[in-house]
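The values are calculated or read from the model by the stated rules, or taken from the named source; none is laboratory data. Just so it is clear, the model here is predicted, and its values are computed rather than measured. Positions of Cβ are backbone-derived with ideal geometry, glycine not excepted, and every protein chain shown enters the neighbour counts. For accessibility, only protein heavy atoms count, side chains too; no ligands or nucleic acids. Shrake-Rupley method; radii C 1.70, N 1.55, O 1.52, S 1.80 Å.
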Amino acid sequence: MSESNQEIRYILKFYYKKGKNAIQAAKIFCDVYGPNAVSVRVAQIWFKRFQSGNFDIKDARRSGRPITDKIDAIFEKVEQDRHTSSYDVAGELGIDHKTVLAHLKKAGYTKNFDIWVPHELTERNLMNRVLICDSLLRRNETEPFSKKLITGDEKWITYDKNVRKRSWSKAGQASQTVVKPGLTRNKVMLCVWWDLKGTIHYELLPPGRTIDSELYCEQLMRLKQNVERKRRELINRRGVVFHHDNARPHTSSATQQKLREFGWEVLMHPPYSPDLAPSDFHLFRSLQNSLGSVRLTSREDCQNHLSQFFDQKPQNCYSNGITSLPTRWENVIQQNGTYIL
């Protein structure tokens, strides 16, 4: 190993123990030693090794054919193509595939099935997620704002208009008929806003209606009225910290103007990040579980089920969703911007 490689690893280890993430460590290193001194990929490889509990930055001595200069190449090839096999890596580097497996296992690598994620995050997306989560985490440490936070989102609720039922018939008598549901089920859009105390306002959109900027501003007016009625302390003393995702109706100039008129602060939210939206990762998961045990046949059924669901949900369910945000921000930082599953 060259002195430069050894120096890089010592410095990466130092910043890992200082609590930095791989992206931050690589940036600091490149600021001192030059823009190409170390890549983010290499930093991530070694941070992954450190996270597994292996802090040895020197290549292990082995008898037989020397391969110490190829250990970094093993990690780099795996990070370049996470689907590659040990046989392919071994063939490209001219070493035995068991040696590849041994080093990957020592560094904490295991091979698992891919997991579905909402979006293929670019390097810029990853960086934005880290920077925004770091900013939110620092602010929350000095000025906790969970008690002022109101969050909201939309979700489609599906139902079957035609349901096959059992009916009495005499011997030889034809059964009752019902039209078979089509491939596209009936659906209605739920819009809900809530905080750590519970639901503040929700509504179902009329059939065929979707969210646009004009409708969203109308909804915000109704939400504000309910905040004034149900959360007087936010209006009188604390002020509202409002959270929604980056859907177009949410970020339109009309929506931004409306929120400024309210005097509500809009919390930063990185693009393509449902794992950082409490409705998506918390409330809607619970709602979807409740929908799995019922058969809704009409819009009225949807309305009744939602009323029952929100009324019976304990307050700690809502508070758990809001108060888990700092932990998720921290996890995003530690995982260099990747999705929290």
Next on the checklist: Could you go through the range 94-111 and let me know if any residue there is at pLDDT below 80, within 31 Å of the chain's Cα centre (by Cα) and exposed (fewer than 15 other Cβ atoms within 10 Å of the Cβ).
Outcome noted: yes
Checklist outcome for this item: Scanning the range 1-40 residue by residue, the ones that are touching a residue at least 40 places away in the same chain (Cβ under 8 Å) and either in a loop (DSSP other than H, G, I, E, B) or aromatic (Phe, Trp, Tyr) (or both) total 3
Item to check | Residues (open to solvent by 50 Å² or more (accessible area, probe 1.4 Å) and not in a helix (DSSP H, G or I)) located in the range 273-301 | outcome: 292, 293, 294, 295
Checklist entry - Does residue 124 fit the bill of being open to solvent by 40 Å² or more (accessible area, probe 1.4 Å) and either at pLDDT 85 or above or within 28 Å of residue 18 (Cβ to Cβ) (or both)? => result yes
Next on the checklist: What pairs come out if I take residues in the range 88-113 that are touching a residue at least 60 places away in the same chain (Cβ under 8 Å) and pair them with residues that are part of a loop (DSSP other than H, G, I, E, B) whose C-beta lies under 6 Å away, six or more apart or interchain?
Outcome noted: 108/52
Next on the checklist: Consider the range 307-316. How many of its residues are assigned to a helix (DSSP H, G or I) and surrounded by 10 or more Cβ atoms within 10 Å (Cβ to Cβ)?
Outcome noted: 6
Next on the checklist: Every residue in the range 185-197 that is open to solvent by less than 60 Å² (accessible area, probe 1.4 Å) and either touching a residue at least 40 places away in the same chain (Cβ under 8 Å) or out of contact with any Gly (no Cβ under 8 Å at 6 or more places or on another chain) (or both), please.
Outcome noted: 188, 189, 190, 192, 193, 194, 195, 196
Checklist entry - What is the number of the single condition among (1) of a type in the set (S, T, N, Q); (2) more than 13 Å from the chain's Cα centre (by Cα); (3) open to solvent by 50 Å² or more (accessible area, probe 1.4 Å) that residue 335 does not meet? => result (2)
Checklist entry - How do the pairs read when you match residues in the range 41-53 that are under 24 Å from residue 124 (Cα atoms) with residues anywhere that are in a helix (DSSP H, G or I) and of a type in the set (Ser, Thr, Tyr), using Cβ under 7 Å and keeping only pairs 6 or more apart or on different chains? => result 47/16
Item to check | Count of the range 267-298 residues which are in contact with a Phe, Trp or Tyr (Cβ under 7 Å, 6 or more places away or on another chain) and closer than 13 Å to residue 190 by Cβ | outcome: 4
Next on the checklist: Here is a list: 58, 18, 13. Which entry is modelled with pLDDT of 85 or more and open to solvent by 100 Å² or more (accessible area, probe 1.4 Å)?
Outcome noted: 18
Checklist outcome for this item: Subset of the range 246-272, residues of a type outside the set (Lys, Arg), under 25 Å from residue 328 (Cβ atoms) and open to solvent by 80 Å² or more (accessible area, probe 1.4 Å), comes to 268, 272
Next on the checklist: Just to be sure I understand, how many residues within the range 198-238 are surrounded by 15 or more Cβ atoms within 10 Å (Cβ to Cβ) and either among the β-branched types (Val, Ile, Thr) or not in a helix (DSSP H, G or I) (or both)?
Outcome noted: 12
Checklist entry - Which condition number in (1) surrounded by 15 or more Cβ atoms within 10 Å (Cβ to Cβ); (2) farther than 24 Å from residue 323 by Cβ is the one that residue 304 fails? => result (1)
